[in-house]
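Data first, discussion second: the structure below is written as structure tokens.
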Amino acid sequence: MLTPILEVKNLSARAGDKEIIKNFSLTINEGEIHALMGPNGAGKSTLAHVLAGKPNYEITSGSIKFLGRDLQQMKPEERATAGLFLSMQYPVAIPGVSTANFLKHAVNAKRKYNQQKELDAAEFLKLLRTESAALNIPAEMLKREINVGFSGGEKKRLEILQMRLLQPALAILDEADSGLDIDALRIVAEGINRLHNEHNALLIITHHLDLLNQITPDFVHIYYNGHIVRTGDKKLAEELEENGYKNFVENE
Amino acid sequence: MTKNKEILDKLDDKYKYGFITDIEADTVPCGLSEDIIRMISAKKSEPQWLLEWRLKAYRYWLTMQEPHWAKLSFEPIDYQALRYYAAPKQKTAPKNLSEVDPQLLETYNKLGIPLKEQEALAGVVAVDAVFDSVSVATTYRAQLAQKGIIFCSISEAIKDHPELVQKYLGSVVPYTDNFYACLNSAVFTDGSFVYIPKGVRCPVELSTYFRINARGTGQFERTLIVAEDDSYVSYLEGCTAPQRDENQLHAAIVEIVVLNNAEVKYSTVQNWYPGDKDGKGGVYNFVTKRAACRGINAKISWTQVETGSAITWKYPSCVLQGDNSVGEFYSVAITHNCQQADTGTKMIHIGKNTRSKIISKGISAGKSNQTYRGLVEVGAKAENARNYSQCDSLLIGRDCGSHTVPYIRNRNKTAVLEHEATTSKISDEQLFYCQQRGINEEEAIGLIVNGFCQEVMQKLPMEFAIEAGRLINISLEGSVG
């Protein structure tokens with residue numbers, strides 16, 4: 001018996017007058033890894049933002065259920081504390097706020113939601129040290145202002161660190177692999193693999209086969225013009241790598 | 001003498017009619033006149049020289065105009081409608097906390113000022129609590145006295161140490177200084193007095209809490225701090241005021257004298273009633289704070305966190321007379337709803353090798369307006385004067401305003417003056433990022449704002465910093481959505 005984490009049915013959404021998501025449907029069950037691939041400008045990031053509850057998008061039709069709850073009724077922070085994580089393509093800098101302090105707030109917000117005791121500074125630092133070491137993140141980086149002057153690779157590793165700390169039920173990884181060198185990519189992929197288990201799920205948005213060679217998806221979806229045009233397994237991604245999107249999008 | 005007594009008796013009659021029973025306060029009638037000033041002075045059993053000084057100030061004040069150069073707009077203040085003296089009714093001055101009216105103590109407890117607790121925590125903080133105009137409780141004075149430190153209300157200082165008060169009162173802020181300082185000089189009712197003798201480091205943080213309570217009572221405190229050669233003191237001033245509908249005028253003076261190699265740290269957390277969402281009510285805060293570094297290597301450091309008041313007009317200043325003296329100003333000002341603040345500092349370099357530093361962080365939310373106004377002045381003889389100024393503004397929402405007005409007057413070629421200024425906004429992207437990690441909007445704003453102010457908050461004494469951090473979050477509640 002499959003337990004759904006995310007159920008999107010016939011979703012359409014727009015930003016201003018522009019309809020970006022068109023009749024999109026996708027169900028993600030516990031334990032599954034889904035990959036979403038598509039050409040630039042197909043609206044993959046928009047989909048991720050809509051799921052995470054970013055303002056400025058209007059859902060015009062369809063429904064989204066997350067762990068059985070109506071996602072549209074939940075504020076972005078409620079979605080996050082309930083277990084929806086979005087690793088952002090362009091993580092934003094927040095001057096003046098130290099990375100460690102930010103992460104502590106995030107972890108404790110989730111613990112509060114789960115009616116767990118909030119971690120004090122010592123307990124949190126212990127947790128942080130273990131997780132950051134696994135991602136090769138130096139202690140010095142955690143003292144810096146979050147994402148301020150971080151390299152592309154540092155930002156991505158920090159996103160994965162946050163995912164590890166927050167232990168989401170569903171992690172949406174929006175181009176978690178972009179701008180990473182081979183070593184960094186391996187570290188990020190390991191971090192993601194270590195998170196994954198039979199009770200959570202991943203939605204990986206990517207352009208590249210490299211990441212999918214390290215995190216094997218159960219499903220690969222080709223996303224174009226606001227919805228999924230083809231679903232397959234990892235072979236589909238390999239086919240894409242070879243021939244590009246041409247064969248899939250021309251029929252549209 | 002007989003004539004004086006007659007006048008006083010007559011005034012006392014008037015005072016009986018003017019007595020407002022429902023607030024149980026010992027007050028004088030509304031309005032301002034020489035008679036009122038004489039009455040205040042008499043009530044406080046002041047020496048003749050002080051009465052004369054008050055009267056000179058009053059007569060000078062009559063020739064002055066309320067200043068309107070600040071970027072503030074408010075209804076005209078009717079100075080004759082204000083009451084210039086109110087003291088909690090008490091027959092004799094309390095000798096210790098157990099003699100203090102339990103209701104007063106209760107009010108302090110509600111405001112989070114646990115005097116009793118503080119007494120129990122012996123030696124942590126000495127508090128000279130000012131309720132309206134008269135000091136009601138002073139703790140730890142005996143311990144401080146052993147080191148020769150005087151920490152008492154200014155009224156007591158006038159009685160017990162008249163030579164010190166007479167020597168320094170008005171020496172940093174003369175009564176001719178400005179309209180509000182002049183008014184204060186005429187009618188000041190109480191405040192704190194601190195004297196640190198030569199070579200003494202004050203072992204505790206000295207602390208005063210002010211509170212404005214009596215309805216329609218102007219409060220005019222006067223604080224005088226004198227740090228003799230080679231001495232050190234850290235002084236904390238914290239303020240809260242209960243909710244009131246009418247505007248309350250507050251025109252205080254803080255004067256600080258710093259002598260050779262002495263250092264004074266003065267920290268303020270100001271949390272007076274800012275008025276309601278529509279700008280109704282709130283405290284009008286017109287304050288003159290100034291420190292004179294009179295000796296060589298003297299140092300003064302002002303740290304302020306301003307979150308309250310409907311109107312703030314305040315420029316804590318440093319007069320760097322002694323060679324090598326240092327002035328610092330660290331400020332966080334938060335305005336929300338309809339609050340207005342025109343605040344900054346003045347660094348007056350007179351001596352050689354004098355240095356000053358200004359770090360100002362302004363946060364505007366709601367429909368509030370905030371102006372940083374600062375002056376850096378370097379005199380002809382101030383060889384090698386240095387100043388560094390940094391003024392950062394953070395805007396929350398679309399309806400607030402932030403302005404930076406730095407004045408620089410330099411008359412010495414060797415001076416090096418630097419000024420940096422930034423203006424930023426909390427972006428939707430930043431808020432969304434926080435929310436996506438489970439941090440709600442209000443917490444996110446608190447986090448971002450606290451980060452923005454960190455440089456200044458670090459300058460506050462520990463226990464104050466925690467309170468101030470909490471206050472910042474409370475002050476910005478409802479600034480989104």
Which of the pairs A:LYS104/A:LYS143; B:LYS265/B:LYS361; B:LYS381/B:LYS413; A:LYS54/A:LYS117; B:LYS352/B:LYS413; A:LYS22/A:LYS54 have their Cα atoms more than 21 Å apart in this structure?
A:LYS54/A:LYS117
5 angstrom amide H check on A:LEU173, placed H, neighbours 5+ away
A:SER87, A:LEU203, A:ILE204, A:ILE205
So, counting K/R as plus one and D/E as minus one, what does the shell of residues with Cβ under 15 Å around A:GLY179 add up to?
-4
Residue among A:SER12, A:GLY41, A:ASN225 farthest towards the positive dipole end of segment A:4-249, charges placed on Cβ
A:SER12
Kindly write out, for segment B:433-439 in residue order, the coupling ³J(HN,Hα) from the Karplus curve 6.51 cos²θ - 1.76 cosθ + 1.60 (θ = phi - 60°), rounded to whole Hz, with x marking Gly and Pro.
4, 4, 4, 5, 9, x, 8
At the nearest 100 Å², what buried accessible area, both sides summed, do you get for B and A when the probe is 1.4 Å?
2000
From the cross-link list B:LYS43/B:LYS159; B:LYS314/B:LYS425; A:LYS112/B:LYS459; B:LYS159/B:LYS299; A:LYS75/B:LYS280; B:LYS56/B:LYS314, the entries with a Cα-Cα span beyond 22 Å are B:LYS314/B:LYS425; A:LYS112/B:LYS459; B:LYS159/B:LYS299; A:LYS75/B:LYS280; B:LYS56/B:LYS314
Taking Cα pairs under 8 Å and at least six residues apart, what relative contact order does chain A come out at, in percent?
27
Note, B:ILE348: beta-carbon cut-off 11 Å, +1 each Lys/Arg, -1 each Asp/Glu, net +2
For A:ILE187, the accessible surface traced by a 1.4 Å probe with all protein chains present amounts, in square angstrom to the nearest 10, to 20
Add +1 for every Lys or Arg and -1 for every Asp or Glu among the other residues with Cβ under 15 Å from the Cβ of A:GLU123, and state the total.
+4
On the accessible surface of segment B:390-481, probed at 1.4 Å with all protein chains in place, carbon and sulfur together account for a percent value of 48
Within 10 Å of each Cβ in peptide A:72-80, how many partner chain Cβ atoms are there on average? Round it to a whole number, please.
4
Residue-wise, which Karplus ³J(HN,Hα) couplings in Hz belong to segment A:228-234, taking 6.51 cos²θ - 1.76 cosθ + 1.60, θ = phi - 60°, and x for glycine or proline?
7, 9, 7, 10, x, 10, 4
So, in nm, how far is label A:ALA15 from label A:ALA121 when the simple model puts each one 7 Å beyond its Cα toward the Cβ?
4.0
Working out 0.36 nm times the residue gap between B:LYS277 and B:GLN458, then minus their Cα-Cα distance, what length gain in nm do you get to one decimal?
62.1 nm
Note, ³J(HN,Hα) from phi for segment B:307-319, Karplus 6.51, -1.76, 1.60, rounded to Hz, x at Gly and Pro:
10, x, 6, 6, 10, 10, 10, 7, 9, x, 10, 10, 9
Share of chain A's accessible area from carbon and sulfur, percent, 1.4 Å?
47
Where segment A:4-249 is the region considered: accessible area per residue in Å², 1.4 Å probe
43
Mind listing the long-range amide H neighbours of A:GLY31? Cut-off is under 5 Å, sequence gap 5 or more, other chains count too, H placed in the peptide plane at 1.01 Å from N.
A:HIS199, A:ASN200, A:ALA201
Give the long-range amide H neighbours of B:LYS299: residues separated by 5 or more places, or on another chain, with amide H under 5 Å away, using H modelled in the peptide plane at 1.01 Å from N.
B:ALA262, B:GLU263, B:VAL264, B:VAL326
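The values are calculated or read from the model by the stated rules, or taken from the named source; none is laboratory data. Since we're looking at a predicted model, the values are computed, not measured. Here Cβ is always computed from backbone atoms with ideal geometry, including for glycine, and neighbour counts include all displayed protein chains. With ligands, DNA and RNA removed, areas are computed over all heavy atoms of the protein, side chains included. Shrake-Rupley method; radii C 1.70, N 1.55, O 1.52, S 1.80 Å.
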